[in-house]
Amino acid sequence: MRLLKQLVAVAVVAFAGGAITGAVRGNAFLTLVIGVATAVLAVFVYARVVRWSERRAPVEVARKGAVPALGRGMLIGAGMFAAVIVNIAFSGGYRVDGLGSVTGAVGLLGFMAAAAVTEELLFRGVLFRIVEEWTGTWIALTLTGLLFGLMHLTNQHANLWGAIAIAIEAGGMLAAAYAATRTLWLPIGLHFGWNFAAAGVFGTEVSGNGVQEGLLNGVTSGPALLTGGDFGPEASPYAVLFGALLTIVFLWLAHRRGTLVPRRRRARTGAAATLSQ
């Protein structure tokens, strides 16, 4: 029941904010303001619903340490995408044809902030966290990662490989980042840094949603196996490789810190319980 309450509460904010943001996408300033407002409201609603449904403090979105964690996440996300696009460029699959649009990038700040916050609250804050309590970290990471990838099949230029790539490089990595830190701020920052670097800086596709107008007029060309094709660099093998490596690093940190949740073992009943006495 608490899973449903939290999902519904955050989803309502996400869909309402997404609808309004989509309606004003032509106005960069309004898109920025509404996107940031959606992100802030989503965190507020999530925190209140967690307090109400679980009778605890929502420490995963605590204000203390939020800014440094967000900053680290943004640096990791942007750095990871930069590494991907540099490798694609060296292979001849990406080039810059001049400058793009500053106003377009400003609008994308708000759009990507809303997307990163609401998706992380839904998938890592609600689904992963609660499923992890039932099944342990490994199963929860696998299940929610797959679901996160499949969700992207609804995008305009989506394909099965793109969804699988997202499940590995993002679904698994972002859940592992939460498991290692037990704060949602780092995966939120990572998610935002990756998306904004892709669209707002390098001007590439993000998960098949359409070409974005960023600071650079980026052009991808060549085999889709290398560049990710219409889905964008997220379907590139470089993105999958770097995402998988970061997932391993975060899981290693979680193991060292003792923050991995083991799978629950059901108490034995009946004859098995009797034999154990």
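Before moving on, here are some points about what is shown:
- Restricting attention to the stretch 164-220, the residues that are surrounded by 24 or more Cβ atoms within 10 Å (Cβ to Cβ), of a type in the set (Val, Ile, Thr) and over 22 Å from Leu146 (Cα atoms) total 2.
- Criterion: touching a residue at least 60 places away in the same chain (Cβ under 8 Å), of a type outside the set (A, V, I, L, M) and more than 19 Å from Ala179 (Cα to Cα) - qualifying residue of Ser91, Ser53: Ser91
- Within the stretch 108-157, restricting attention to residues that are under 21 Å from Phe202 (Cβ atoms) and either touching a His at 6+ places or on another chain (Cβ under 6 Å) or among the polar types (S, T, N, Q) (or both), the residue that is modelled with the highest pLDDT is Ala116.
- Residues satisfying the stated conditions in the stretch 133-167, i.e. aliphatic (A, V, I, L, M) and without any contact (Cβ under 8 Å) to a residue 24 or more places away in the chain: Leu143, Leu150, Met151, Leu153, Leu160, Ala163, Ile164, Ala167
- Ala62 vs. criteria buried (at least 16 other Cβ atoms within 10 Å of the Cβ), out of contact with any Pro (no Cβ under 7 Å at 6 or more places or on another chain) and of a type in the set (A, V, I, L, M): no
- Residues satisfying the criterion are absent from the stretch 69-87 (criterion: outside any helix (DSSP H, G or I) and over 20 Å from Ala198 (Cα atoms)).
- Top-ranked residue in the stretch 93-139 [being among the β-branched types (Val, Ile, Thr) and farther than 20 Å from Leu174 by Cα; ranked as surrounded by the fewest Cβ atoms within 10 Å (Cβ to Cβ)]: Val102
- Residue count for the stretch 217-264, restricted to those that are modelled with pLDDT of 95 or more, small (Gly, Ala, Ser) and more than 18 Å from Met80 (Cα to Cα): 2.
- Per-region count, the stretch 241-261, residues more than 20 Å from Arg129 (Cα to Cα) and surrounded by fewer than 21 Cβ atoms within 10 Å (Cβ to Cβ): 4
- In the set (1) modelled with pLDDT under 90; (2) under 28 Å from Ala198 (Cα atoms), the condition left unmet by Ala9 is number (2).
- Filter result for the condition that a residue is part of a helix (DSSP H, G or I) and in contact with a Phe, Trp or Tyr (Cβ under 7 Å, 6 or more places away or on another chain), over Gly18, Gly35, Gly22: Gly35
The values are calculated or read from the model by the stated rules, or taken from the named source; none is laboratory data. All values reported here derive from a predicted model rather than from experimental measurement. Quick reminder, even Gly has a Cβ in these numbers, built from the backbone with ideal geometry, and neighbours come from all protein chains shown.
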